[in-house]
1. Go through (1) surrounded by fewer than 16 Cβ atoms within 10 Å (Cβ to Cβ); (2) over 23 Å from residue 648 (Cα atoms) one by one and return the number of the condition residue 61 breaks.
2. Restricting to segment 654-665, name every residue that is buried (at least 24 other Cβ atoms within 10 Å of the Cβ) and part of a loop (DSSP other than H, G, I, E, B).
3. What is the number of the single condition among (1) in contact (Cβ under 8 Å) with a residue 60 or more places away in the chain; (2) within 30 Å of residue 235 (Cα to Cα) that residue 762 does not meet?
4. Within the bounds of segment 857-869, is there any residue that is on the phi > 0 side of the Ramachandran plot, part of a loop (DSSP other than H, G, I, E, B) and surrounded by fewer than 24 Cβ atoms within 10 Å (Cβ to Cβ)?
5. Would you check which residues across segment 197-228 are crowded, with 24+ Cβ neighbours inside 10 Å and closer than 23 Å to residue 876 by Cβ and list them?
6. For segment 454-480, give me each residue that is within 30 Å of residue 741 (Cα to Cα) and part of a loop (DSSP other than H, G, I, E, B).
7. Which residues, counting only those in segment 564-585, are over 20 Å from residue 505 (Cα atoms) and buried (at least 24 other Cβ atoms within 10 Å of the Cβ)?
8. Would you list the strands (runs of 3 or more DSSP E) that sit entirely within segment 703-783 and hold 2 or more residues that are on the phi > 0 side of the Ramachandran plot and in contact with a helix residue (DSSP H, G or I) (Cβ under 6 Å, 6 or more places away or on another chain)?
């Protein structure tokens, strides 16, 4: 039906068209100007053409001319065709290209009858209704997970048989080596770091009944740089954990009530990039630690299988003179405080071992550790590393410092390092204890100086705290402290993350970082280039390298190894082989024989870009795994750029075209930005992977984000005031790499982590993180899903509160249970969730009071299975800060 209006009526109701026309005009001007820039850079011409069309449409709409509607319709149809051509069926690509056009199309159709010359109200209503339906349908589709992949040809999984649960007694075995089925005695549940529990009381059929059993608050809330990242231990009837600033706490495993608390008084100025304490270590000093030969029969396939662990403090079998785990505690709120004080600098220097580097069969047998009496103080002990670079040992039963360990319960690991400013050297991960030796690396604050403190790896006696050995890679002739007047070699690669260990082989597996000054390689020495970004197996009896496997040559991308290597018995045609699974920030997953470091799966050589500011230093190829990679196989393109609207998407396209990007391993540049993809957050980072040895499945969560980097010449960095932290008046904050001075090199570095726009949104289209199941035997993907929703995310940091699965950035790992569940938090939506290991579907979730950037753990106490997560938040992930330790269980 046609309806005509007189001009007076139209003029009186013309202001809505004036507003709509003005908005359309302004949008067109922005797109035309930006589009011309993008086209001049070799990018898409769409934005220029669409911008011109919208300018014409906007002018005519404001003048109430029907030609304005036709100009808009032309742009609309053109946008539809272009979007279909660029995006196909990719949902996330349609949003910035077409979403705003649909909204504008609704208003143009709705107001069309007000245009001079428009003849049909019915057409107007029909088109407006169509636009509304399209918008509602598109919005509804946002709540359907996109990017879910289920393998059609998934292989039948094969159990590796490498569970760390023992079936027969082992007389002298540390809990971290042979954990009881009900316990979680090491950071990764055992020194094998499988993050798998044989408990199955909580399963797919009843997980939806989980409820909070108890909540404990540590009371440790740093004002900035928060991110506790803590995973508690559970031995017997007690949980042991550390807070963000290293307060040691023991809790009743059933009730969550505090048993004791020990405060080492870590000052705020010691906080490095993050106030993190990922975990602590437990040592039973009643058990003799006698090193065995590397050729021991125990060092054979199946060595992870076997025996029931020896009784530990808190187990009924351990009751006796030492009493249960709570013996000696006078009150539930007992507290023990100690300051750093003057830690003695006298550490016994070990004798050089005869074993040589890269010779695993030449290990030297050290003297056995004499066990303590069952009723002796610190017969069982908790050992942690602190942010101010100390090792602390306390009695697991009382929280009192172990007087026999170092100087009144503490050891200063910076002895021999020379000048160390506060925050420059910190221990943020739990030490690994193998054969009675506490092996620790440390974090050296990134990006400050080329000649930062040494990355030396040190081994200490778990009872006396004496230095057994020190591995300074530049001085293989030395095994102890440097001579007077000298220091451990400065600037060498460090190990900031968590190591794993094999008691039978006597090896510890160190995921090594980079040399100081991540983004400049010209001053690195040959030995640094050999060991940086490598997994190094050290003989724990000598501190000498047995073997090493490098994942990046001359790393200038901050691709240090952040994930713990997970020990498995790998199924091969010739039988099971003692192996380890090594994830990397690049996303590559390697499988190595843990005795020799030889790859058990194929490793290829990838031709990579050259150039950058030091082309002579770049390797023409880099290793990559043909077994499995979490990294997407295609390089980024302009089409992958994203935004909520065409404007921010266009801005990201312009940045993409302006940057240097030649694909994977594009070198950093100084004349323009370079794109690093994946960014330094992974791939896989410190959360690592979990392995189900019964099903033969690896669970890996990962990030999928680029960084947008630029090297800044020294003079410009000085002008900007970029200096090492100890030279600044205060902590400037910011993401890692954002304005890092790299003093001592020609360039500072400025990293836009995640490649974010001023809106806070990322330039790459979702998903930004995911979780995947991988067949251990073949490396084939079983399923893959985005991990994390948009409920706590949105433009300018405003939460959307919408449960749209976008796949968010994530930090922290998972735990697998025999009940067929994967528990994980990690994402920025502040949820902890249970995932069906067979399908990847979320079958339960709960909202945490703060960010869940930590690895969860599972245990049994009092006949009840518990799931525990530390909700401490994380400043880098921009999740809310907290101090909550939360336990979940089924109703009684």
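1. Failed condition: (1).
2. Within segment 654-665, the subset buried (at least 24 other Cβ atoms within 10 Å of the Cβ) is 656, 665.
Correct list: 665 only.
3. Every listed condition holds for residue 762 apart from (2).
4. Narrowing segment 857-869 to residues on the phi > 0 side of the Ramachandran plot: 862-863.
Still in the list and also part of a loop (DSSP other than H, G, I, E, B): 862-863.
Restricting the remaining residues to those that are surrounded by fewer than 24 Cβ atoms within 10 Å (Cβ to Cβ) gives 862-863.
Among the residues of segment 857-869, at least one is on the phi > 0 side of the Ramachandran plot, part of a loop (DSSP other than H, G, I, E, B) and surrounded by fewer than 24 Cβ atoms within 10 Å (Cβ to Cβ), which makes the answer yes.
5. 226, 227, 228
6. Our first condition is that a residue be within 30 Å of residue 741 (Cα to Cα); within segment 454-480, this holds for 454-458, 470-475.
Across segment 454-480, the qualifying residues are 454, 455, 456, 472, 473, 474, 475.
7. Our first condition is that a residue be over 20 Å from residue 505 (Cα atoms); within segment 564-585, this holds for 572-574, 583-585.
Once the filter is applied, which keeps residues that are over 20 Å from residue 505 (Cα atoms) and buried (at least 24 other Cβ atoms within 10 Å of the Cβ), segment 564-585 yields 583, 584, 585.
8. Details: elements: 707-713, 738-740, 747-752, 769-775.
Correct list: empty, since no element meets the threshold.
The values are calculated or read from the model by the stated rules, or taken from the named source; none is laboratory data. A quick note: this is a predicted structure, and the numbers were derived from the prediction, not measured. Glycine gets a Cβ as well: all are built from the backbone with ideal geometry, and neighbour counts include every protein chain shown.
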